[in-house]
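Only one structure is covered here, and it is reproduced in the block below.
The values are calculated or read from the model by the stated rules, or taken from the named source; none is laboratory data. The shown structure was predicted, so the numbers you read here are calculated from the model rather than taken from an experiment. With ideal geometry, Cβ positions are generated from the backbone for all residues, glycine too; neighbour counts draw on all protein chains shown. When the accessible area is computed, the model is the full protein with side chains, heavy atoms only, and any ligands, DNA or RNA have been set aside. Shrake-Rupley method; radii C 1.70, N 1.55, O 1.52, S 1.80 Å.
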Amino acid sequence: MRVMAMVRATTASEAEQMPDTALLEAMGNFNEELVRAGVMLAGEGLRASRHGARIRYHGATRTVIDGPFTETNELIAGFWLWQVRSMDEALEWARRCPPPLDGECEIELRPLYEAEDFGEAMTPELRKLEARLRQRLQGGD
């Protein structure tokens, strides 16, 4: 199963306070463990919300809302995409993670939908399309 591990933003991350060398080293070592174990598929830190935007959809109307966004506890400061056997395994990895930000911080784990989760709505044609897209994403044109 694939799981998104999201690092919740803090006041410090939104103020773009950069981590010190010790934290960068600890996170680098943790990421190396994830890669060696074949768990990490992707992972990145995100810039503060003042650099971002949201698009609100209401029927055919699209509204762009520029950052920064006020609810810091609802923002994401970074993420990993993990391939694990279960949520229990994802929780084990999250418990082993050094605190990803200075001070009190939080990681949220959410499983991704897989094609089989969509039942009959995921027709054979849609499954083929998804397989082609995944192959292209992996560089296999």
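Given all pairs of different Cα atoms, what value in angstroms does the Kirkwood hydrodynamic radius of the chain take?
Numbers: mean 1/r = 0.0573 Å⁻¹.
Value: 17.4 Å, from the Cα pair sum.
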Computed E for Ala115/Ala26 - FRET, C-beta separation, R0 25 angstrom, nearest 0.05:
0.10
Please check: in the Gaussian network model of the chain (C-alpha springs, under 10 Å), which one of Arg56, Arg85, Arg96 has the largest mean-square fluctuation.
Arg56
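Ranked highest first by average number of other Cβ atoms within 10 Å, how do 27-39, 122-134 line up?
Numbers: 27-39: 14.1, 122-134: 11.2.
The most tightly packed comes first, giving 27-39, 122-134.
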Express in Å², to the nearest 10, the accessible area of Phe69 obtained by rolling a 1.4 Å probe over the protein heavy atoms while all chains stay in place.
30 Å²
So Glu16 and Glu108, fully extended at 0.36 nm per residue minus their Cα-Cα distance, gain in nm 31.1 nm
Using a 1.4 Å probe, what is the accessible area per residue for the chain, in Å²?
72 Å²
For the stretch 1-57, the Rg and Dmax computed from alpha carbons only, in angstrom
14.1, 42
